[in-house]
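One structure below.
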Amino acid sequence: MTGYGPRIVDLSDTQPNRKRGGDLRAVLTPTTVGSTSGFMGVATLKPGEFISEHYHPYSEEFVYVVQGLLEVDLDGEPHPLRTDQGIMVPVDVRHRFRCVGDEPAKIVFHLGPLAPRPELGHVDTEPYPVTGEEDDGRPVMSVGGAP
C-alpha cells in the first residue's frame, strides 16, 4: 500500500514539459497519486510540431488520439492515426509523434510498467526540437542532451 487514497488531478495543475517537443503533461504518476504500475499523461502538438524520437527500455506505451491527425514513426516506419484511434508502442521500439493535420493533435498516453528509477525510463535517440522558449519564456540555447 502506498499510503495514497483516490486523488483527482486536474490537467491545469500539471506543469508542461516542452523540451522534447509539444506540450507534455504527466498527470497520474507515482509522485501525484502514488501509482506503482505506470503513469498517464496528455500531450498536445500544434500542426507541424513533433515529439523527438526516443524509446522506453522498461515500458510499453499506450497512445490514444483524442483530437487531430498524428503520425507515429515506429523504428522509422510511419503509422497514421486519427481521432479515436490508439496504438501500443512495444518496449525498446524507437518512436516519434508528429502532428500532420491543420489542427492541433491531443493524445492520452500511458506507460507501464515503471522503470526501476525514473531516469532509466526514457532514452532519447535524436536531438530535442528547437521550440524557441523554455517554459518560463527564456530562449532555448541548445538542442539535444539527456533528459
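The values are calculated or read from the model by the stated rules, or taken from the named source; none is laboratory data. As the structure is a computational prediction, the values presented were derived from the model and not from experiment. Heavy atoms of the whole protein, side chains included, go into the accessibility calculation; ligands, DNA and RNA do not. Shrake-Rupley method; radii C 1.70, N 1.55, O 1.52, S 1.80 Å.
On full extension of the chain, what length is gained from residue 102 through residue 79, given 0.36 nm per residue of separation minus the C-alpha to C-alpha distance?
Numbers: separation 23, 0.36 × 23 = 8.28 nm, distance 1.77 nm.
That pair, residue 102 and residue 79, stretches by 6.5 nm at full extension.
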### Query
What list of ³J(HN,Hα) couplings, whole Hz, do you get for region 18-33 from phi and the Karplus terms 6.51, -1.76, 1.60, once you set θ to phi - 60° and write x for glycine and proline?
10, 5, 9, x, x, 10, 9, 9, 7, 9, 10, 9, x, 6, 7, 10
### Summary
Expressed as a percent, the accessible surface of region 1-91 that is carbon or sulfur, using a 1.4 Å probe and the full set of protein chains, is 56 percent
